[in-house]
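Okay, structure first, notes after.
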Amino acid sequence: MDKIAFFLPTRKGSERVKNNNTRPFAGIDGGLVENKIKQLLHTKRVDEIILSTNDETCMEVAQKFALDKRLRIIYI
């Protein structure tokens, strides 16, 4: 079976919605980033999750899930 990687790009600096990736969303303190990482980690067919970000807060949220070796965080 082929390996599946998921690329999750996030960036800071949205002008319309401040902190749109990490502001609380649907009762989740880490916002959209935390929600998406949780969903991807529960998907057994995803072999690698690559989070690419220039946002320190996104990195902090993702670090909560760093024990799962499928998650790779790239700070740009």
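The values are calculated or read from the model by the stated rules, or taken from the named source; none is laboratory data. Just so you know, these numbers come straight off a predicted model, no measurement behind them. Every residue, glycine as well, gets a Cβ built from its backbone with ideal geometry; the counts of neighbours run over all protein chains shown. All accessible areas refer to the heavy atoms of the entire protein, side chains included, with ligands and DNA or RNA removed. Shrake-Rupley method; radii C 1.70, N 1.55, O 1.52, S 1.80 Å.
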Difference of contour (0.36 nm per residue) and Cα-Cα distance, A26 to Y75: 15.0 nm
Nearest 10, in degrees from 0 to 90: the angle of helix 31-41 to the longest Cα principal axis of the chain is 0
Of all DSSP beta bridges with both partners in the chain, the antiparallel percent, nearest 5, is 10
Cα-centre dipole for the chain with unit charges at Cβ (Lys and Arg positive, Asp and Glu negative), debye to 20: 140
What's the whole-number percent of alpha carbon pairs in the stretch 1-53 lying beyond 16 angstrom? 48
Kindly rank 18-31, 47-60 from highest to lowest mean number of other beta carbons found within 10 Å of each residue. 47-60, 18-31
Could you sort E15, E34 by accessible area so the largest value comes first, with the probe set to 1.4 Å? E15, E34
Which of the trypsin sites (Lys or Arg not before Pro) found in the stretch 30-76 are loop residues per DSSP with 14 or fewer other Cβ atoms within 10 Å of their Cβ? K44, R45, K64, K69
Tell me the carbon and sulfur percent of the accessible area for the chain, rounded to whole percent, probe radius 1.4 Å. 54
Ignoring everything except DSSP H segments at least 4 long, calculate the 222 nm mean residue ellipticity for the chain; use -39,500 (n - 2.57) per segment, divide by total residues, nearest 500. -7000 deg cm²/dmol
Working from the pairwise distances between different alpha carbons, so that the mean of 1/r is found and then inverted, what is the stretch 33-76's Kirkwood radius in Å? 10.5
Within straight cross-link reach of K12, meaning Cα distance under 17 Å, which lysines are found once same-chain residues fewer than 8 apart are removed? K36
Averaged per residue, what accessible area in Å² does the chain show with a 1.4 Å probe, protein chains only? 71
